[in-house]
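Here the structure is laid out as structure tokens; the discussion comes afterwards.
What follows is calculated from the coordinates using simple rules that are stated; it is not laboratory data. Treat the numbers as computed from the prediction; the structure is a model and nothing was measured. Quick reminder, even Gly has a Cβ in these numbers, built from the backbone with ideal geometry, and neighbours come from all protein chains shown.
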Protein chains: 2
Amino acid sequence: MTERHPLEKIFAPETVAFLGASDSMMTMGTVQMHNVISGGFKGEVYPVHPKLKTVLGRKAYPTIADLPDGIDIFVMVLPTRIVPEMLEQLGKKGITRGTVISGGFSEVGGGGKDLEKQVREVSEKYGIKFNGPNCIGICNPRHGYNNTWFPYEGKPGPIGLASQSGTYACHSFNHIKNQGTGFSKVISVGNEVTLDLVDCLEYFENDPETKAIALYIEGIRRGRDFIRVARRVAKKKPIVALYVGGTEAGARAGASHTAVMSGPDEIYEGAFRQAGVLRASSFPEMFDWCWALAEQPVPAGKNMAVVTNSGGPGSSFADAAGRLGMNVPVLSDEIQATLRKIIPHTASSKNPVDITFAVDMTTLIMDKIPRLLLSAPEIDGLLLYGIFTSQVFAKYAEQMGTDLPFSAEKMRQFDEMMSASFSKIPKEFGKPIVCSTFFTRDDDELICRLQDLGIPMLPSSERAAIAMHALYRYGRIKEKLANSDSPWDE
Amino acid sequence: MTERHPLEKIFAPETVAFLGASDSMMTMGTVQMHNVISGGFKGEVYPVHPKLKTVLGRKAYPTIADLPDGIDIFVMVLPTRIVPEMLEQLGKKGITRGTVISGGFSEVGGGGKDLEKQVREVSEKYGIKFNGPNCIGICNPRHGYNNTWFPYEGKPGPIGLASQSGTYACHSFNHIKNQGTGFSKVISVGNEVTLDLVDCLEYFENDPETKAIALYIEGIRRGRDFIRVARRVAKKKPIVALYVGGTEAGARAGASHTAVMSGPDEIYEGAFRQAGVLRASSFPEMFDWCWALAEQPVPAGKNMAVVTNSGGPGSSFADAAGRLGMNVPVLSDEIQATLRKIIPHTASSKNPVDITFAVDMTTLIMDKIPRLLLSAPEIDGLLLYGIFTSQVFAKYAEQMGTDLPFSAEKMRQFDEMMSASFSKIPKEFGKPIVCSTFFTRDDDELICRLQDLGIPMLPSSERAAIAMHALYRYGRIKEKLANSDSPWDE
């Protein structure tokens, strides 16, 4: 099979040569090889170790030359000074794709810079391509392949992440799991000697599992290429960037971290704008947006309906939407009249639609009202608060020692039916729904179910409104890019 | 005992008359009474019910007149139209403190306005004071008293919340529990007929359990009083407000929610500034700030040290601090020289101090480096990422079937010792520490322990930096208020 992109094998190898693992779990390499073999990887791992006969139960090979032929990729977690020599041997052996975890190169200056030059030269000589050096690795949850320092315990998802920070690449596994979504692929790019963020964009462009692309950026090494490629990719898939090199201290941090040269904030801001890249202001925000962008249709306009069973979160939606320049218009008399027939007398029908308390709450909030509002031509999207499992009633009933009108099992079936139907509404109407909730996946199984069905449920109304605004902005970006041929116009 | 403030009894009653509970858990009143009796409340509850002999296992009284004398407070969850008459009877019985949950008053307009007028008149006639109507109730975790619709399952904490949203008052129990801190007292003020936000400020001013005050505001009914009282309170305790009435849609939401008149954003912004109130931009941010303000000393200046074991979160701290106008200065040669003796060669000593990977990570990051940096006169506070429990090694060891150099129990003892010592550093140096982490309380017991010891650990570097900035700003507010006599100067 011809290689379409060097990252294909690096993300989804069948066979891996592992350099730098032993049986001591106090070394990074051992933990990283352990994560490969214990994360569901179906392929073969071939450890190389000068002394040990086996490493983590796998037969070890004393040198690279001793390895079987035809191995797909290497993973290297070795002392800095021997990295060039090992790459030379890998090149000779024909293993030219992989990951170099080892740090201590240009990011520390001095001799590190010379070593990095050697790494570059030997890579060019043999056509070696790898992510790193000075990175944390790769994770491909659907392939069960994770060579980073952290286990990936969440579900596979639609978000592709390329990160100039190794921590952000792997500590974020936990963030994304708790948030309720998942990664398609994660790559830590490190010092980007042979593969950089632009290469990652090109890979994600054609990766069917990646629906939204997140980039953590301390500095872009190929500015013009980045803008050119991003403009092309953004026509198909949303790109969200977090850039932290724009302040003096941020730039200093980046330089000592991955030896990247950052630039003034305005320059990057302009480049992102030209490139059709949405810029997030924080790490969680980048994933909030990617989640919404990956799962929901873009709204055609900025008129939002707000539905809630609770005044506060409803007011926060309306206020946040207003601040972002979106509208929460008063609903038409016709819609209001229809609404008033089904909501309690204490409820508000204007917009926000605040149901307050109703016995048929779930049916109203997850079915009747969303369908009514999204069928209105004047409404482009829905912000919603007020979903929680009917199991809360079961819990109360148990505490009180009383019986429920329905069995817990019946209520669970009801939750299941409602969530399946609710999660289809955005596609049916071609309009997005973004929700907020104070409950986590651990607290509430209905929240889990809806998140797993692609409904972004964010932990505050403000974050949900901001994610909806990102959807709106991406819609406009796509329109602009579709109508422009020149790569430089605005 | 003479009453210092009407809210004293309402927050901490010994005896409660409950109007509107039955044995059917499909009514709000029943759930709310259930929460009172099952939340650890040591006092007596006296349900009033026209027909039932008992309610939730307590002897029920057919009328208010039948109740024993000397009951501290009432809680009322009754149909709107009978509320004035019930208040009349309570007044006659001498029960003049309490909570009115019932809605359907001025927030729905029309006849609701007339009913609210009657409620006001009867309250004035008998000197009745209550929170509400149209509210969700009261929660005092240390007293085990929670009459809201949601159970309070977290720990008691230092944050007092007065909210014009009932949801925000009780759904936030979960938010605050998962965040890692807790409430001292929570009050939902509803339509504020006899007690409003200004009364709550005056109560919190003298409540020793409340170290920081959170206000959710849709509109302030007594503007001048608010500014006067807030200026006085802010000298002693930080006040953080979330105001959502400044946009057209936000104002509309508020009007139909608690019948409050909101005002233009600029007016409120100016009022908060005059009053020494910090204004948060989202609900979670309000609690982030309150947490930091309640637990940490204010920094004397804006020079921050950043310590991390991971480049990304360190860069984000530096970038966010820079955007907020704080400094992350290059450390003095002397400090850097001392640092370099203890950190690995791949580490950065400039600031951010990025340790990368070290075997004695925990000791470096939780002890040696914070003490060294906070002892420097040029540093006012510390932003830190990189704490996670040594149990992660135990987990890996178990998976790998290898032995650790130390037993899991030894490592737990080590964690315990380190966290106890680390949590004392801010007081020792009189300088704040705010941390970020991607791990939750469920993920990591060291995170739990540190949070319980008063270290704010927020879920992103940006949020931690913003909370540190709130600490800095409160320091300046205190200075200003201390040096000003006039209530109106800036």
Each residue of the range B:376-382 in turn: what ³J(HN,Hα) in whole Hz from Karplus with 6.51, -1.76, 1.60 and θ = phi - 60°, glycine and Pro shown as x?
6, x, 7, 10, 9, x, 10
Is there a quick way to get the dipole size of the protein assembly as shown? I mean about its Cα centre, with the Cβ of Lys and Arg at +1 and of Asp and Glu at -1; what is the value in debye to the nearest 20?
200
Where does each of B:311-317, A:294-300, B:281-287, A:48-54 land if you order them by average Cβ count within 10 Å, highest first?
B:311-317, B:281-287, A:294-300, A:48-54
Taking Rh as the Kirkwood radius computed over C-alpha pairs, what is the Stokes-Einstein D of the range A:29-138 at 37 °C in a medium of viscosity 0.692 mPa s, expressed in µm² per second?
228
Teacher prompt: B:THR363 distances to equivalent labels in other copies, 7 Å Cα→Cβ, nm:
6.7
For chain A, size of Cβ-based charge dipole, Lys and Arg +1, Asp and Glu -1, in debye:
660
How big is the charge dipole of the range A:153-295 about its Cα centre, in debye rounded to the nearest 20, if each Lys and Arg gets +1 on its Cβ and each Asp and Glu gets -1 on its Cβ?
380
So, in nm and shortest first, the distances from A:SER375 to its counterparts in the other copies, with label points 7 Å along Cα→Cβ, work out as 7.3
The farthest towards the positive end of the charge dipole of chain B, of the residues B:LEU324, B:ALA214, B:SER421, given +1 on Cβ of Lys and Arg and -1 on Cβ of Asp and Glu, is B:ALA214
So B:LYS113 and B:LYS341, fully extended at 0.36 nm per residue minus their Cα-Cα distance, gain in nm 74.8 nm
Can you give me the distance in nm between label points at A:PHE414 and A:THR54, each placed 7 Å from the Cα along the Cα-to-Cβ direction?
5.6
Residue-wise HN-Hα coupling along the range A:112-119, computed from phi with Karplus coefficients 6.51, -1.76, 1.60 (Hz; x: Gly, Pro):
x, 5, 4, 4, 5, 4, 4, 4
Listed residues A:GLY301, A:ALA347, A:ALA337: farthest to the positive end of the dipole of the range A:211-348 (Cβ charges)
A:GLY301
Alpha carbon centre of the range A:417-464 versus the range B:347-404: separation in Å?
37
Say each of A:GLU85 and A:SER38 gets a label point 7 Å from the Cα, pointing the same way as Cα to Cβ; how far apart are those two points in nm?
3.2
Scalar couplings 3J(HN,Hα) for the range A:160-169 by Karplus 6.51 cos²θ - 1.76 cosθ + 1.60 (θ = phi - 60°), nearest whole Hz, x for Gly and Pro, are x, 10, 10, 10, 7, 10, x, 4, 4, 5
Would you kindly work out, in nm and rounded to one decimal, the distances from the label point of B:GLY94 to those of the same position in each other copy, ordered shortest first, with label points 7 Å along Cα-to-Cβ?
9.9
Inter-chain Cβ neighbour average for residues B:319-330, partner chain, 10 Å
5
What a careful reader reports for the chain A Cβ nearest the rotation axis onto chain B, distance rounded to whole angstrom, is A:ASP442, 3
From other protein chains only, count the Cβ atoms within 10 Å of every residue's Cβ in B:237-244, then give the mean.
3
Average beta-carbon neighbours from other chains, 10 Å sphere, peptide B:346-353:
5
Grab the Cα-Cα distance for A:LYS236 and A:LYS424, subtract it from 0.36 nm times how many residues apart they are, and report the gain in nm with one decimal.
65.4 nm
Kindly put B:SER165, A:SER421 in sequence by how many other C-beta atoms sit within 10 Å of each C-beta, fewest to most.
A:SER421, B:SER165
FRET E, pair A:GLU3, A:GLU266, Förster distance 45 Å, beta-carbon r, rounded to 0.05:
0.70
Between A:ASP360 and A:PHE406, how many nm apart are label points set 7 Å from Cα along the C-beta direction?
1.3
Cβ density ranking, 10 Å radius, fewest first, applied to A:SER123, B:SER461, B:SER332 yields B:SER332, A:SER123, B:SER461
Counting only residues 5 or more places away or on other chains, whose amide H sits under 5 Å from the amide H of A:TYR61 once H atoms are built in the peptide plane?
A:VAL48, A:HIS49
Any residue on another chain or 5+ positions along whose placed amide H is under 5 Å from the amide H of A:ASN327 is listed here as A:ASN303, A:MET304
Contact order relative to length of chain B, as percent, for alpha carbon pairs under 8 angstrom and 6 or more apart
11
